[in-house]
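Following: one structure in C-alpha cells, then a few remarks.
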Amino acid sequence: MFFVETWAPGSHGTAYIKVNVLPQSVANFTASPEIGCAPLNVSFTDCSTNATYREWDFGDGSPKMINVLNPVHTYAQPGNYTVSLMVHGSTKGTFGWDNNTATKVISVYGVPVSGFSKSITVTFTDQSQYADTVLWDFGDGSTSTERNPTHTYAASGTYNITQTTSNPAGSSVSSSVITI
C-alpha cells in the first residue's frame with residue numbers, strides 16, 4: 001500500500017490518497033505426463049501466482065474448464081495438443097483484466113499398427129538362340145516383348161509361363177510352371 005501526498009500552492013493542508021498496488025497475475029502450470037499413448041490421462045497442476053480466475057483450454061476441442069485449480073484431462077486420440085491456461089488477477093484496469101497465458105504441448109501416440117503388402121517380382125532370362133522376337137506370357141494375363149523382363153505377381157499361386165520366339169525360319173515355344 002502506498003500513500004500519495006498532494007498539495008496545491010496557496011492551499012492549507014495536505015491531502016492523502018491511499019493507493020493499493022496489486023501484483024499482476026502470472027500464468028504457469030505443469031502437466032504429467034506430457035507424452036504417452038492414447039487414451040492418455042494428464043494431470044495438470046496450476047502453479048500460477050496472483051490468479052483469481054483460471055481458464056483451461058486442452059487443445060482438443062473439448063469444453064474449456066473455468067476456475068478449476070488442478071484438472072485431469074483424458075486425450076482419446078493420438079496427436080499433439082497445445083494446452084493453454086489463461087489467468088487474471090483481481091486487478092481490472094482501463095484496458096481490462098491483467099490476462100496472462102501459459103502453454104504446453106501434450107504429445108499423444110497411438111498404438112502402432114503393423115501392415116504391409118506383398119508382391120513377388122521375378123526376373124526372366126532369355127536363353128533362346130537365333131530369335132528375332134520374343135513374347136513372354138506370365139500366366140496371369142500379362143505379357144512382355146523384352147528379352148529379359150522383370151514381372152511382379154500380385155498374388156500367390158501357380159502360373160504357367162510361356163516364351164514364344166520367332167524368326168523368318170519359324171517359331172518355338174517353351175513353357176514352365178512356377179509357384180509363388
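The values are calculated or read from the model by the stated rules, or taken from the named source; none is laboratory data. Predicted model, so just to flag it, every value in this text is computed and none were measured. No Cβ is skipped: glycine too gets one built from the backbone with ideal geometry, and neighbour counts run over all protein chains shown. What goes into the accessible areas is simple: the full protein's heavy atoms, side chains included, and nothing from ligands, DNA or RNA. Shrake-Rupley method; radii C 1.70, N 1.55, O 1.52, S 1.80 Å.
Values for this structure:
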| read-out | value |
| --- | --- |
| Translational diffusion coefficient (Stokes-Einstein; Kirkwood radius from C-alpha pairs) of the range 27-180 at 25 °C, 0.890 mPa s, in µm²/s | 114 |
| Cβ-derived FRET efficiency at R0 41 Å, ASN80 paired with ILE180, nearest 0.05 | 0.45 |
| For the range 170-180, Karplus couplings with θ = phi - 60° (6.51, -1.76, 1.60), whole Hz, Gly/Pro x | x, 9, 9, 10, 10, 9, 7, 9, 10, 10, 10 |
| Candidate residues LEU135, LEU85: accessible-area rank, largest first, probe 1.4 Å | LEU135, LEU85 |
| CYS37-ALA155 FRET efficiency (beta carbon distance; Förster radius 22 Å; 0.05 resolution) | 0.05 |
| Ranking by accessible area, most exposed first, for ILE35, ILE178 with a 1.4 Å probe | ILE35, ILE178 |
| For the range 113-160, projected area of the alpha-carbon convex hull averaged over all directions, nm² | 4.2 |
| Full-stretch length increase - TYR109, ASN167 - with 0.36 nm per residue and alpha-carbon distance subtracted | 14.6 nm |
| Cut-off under 5 Å, modelled amide H: who pairs with GLY139 long-range | THR162 |
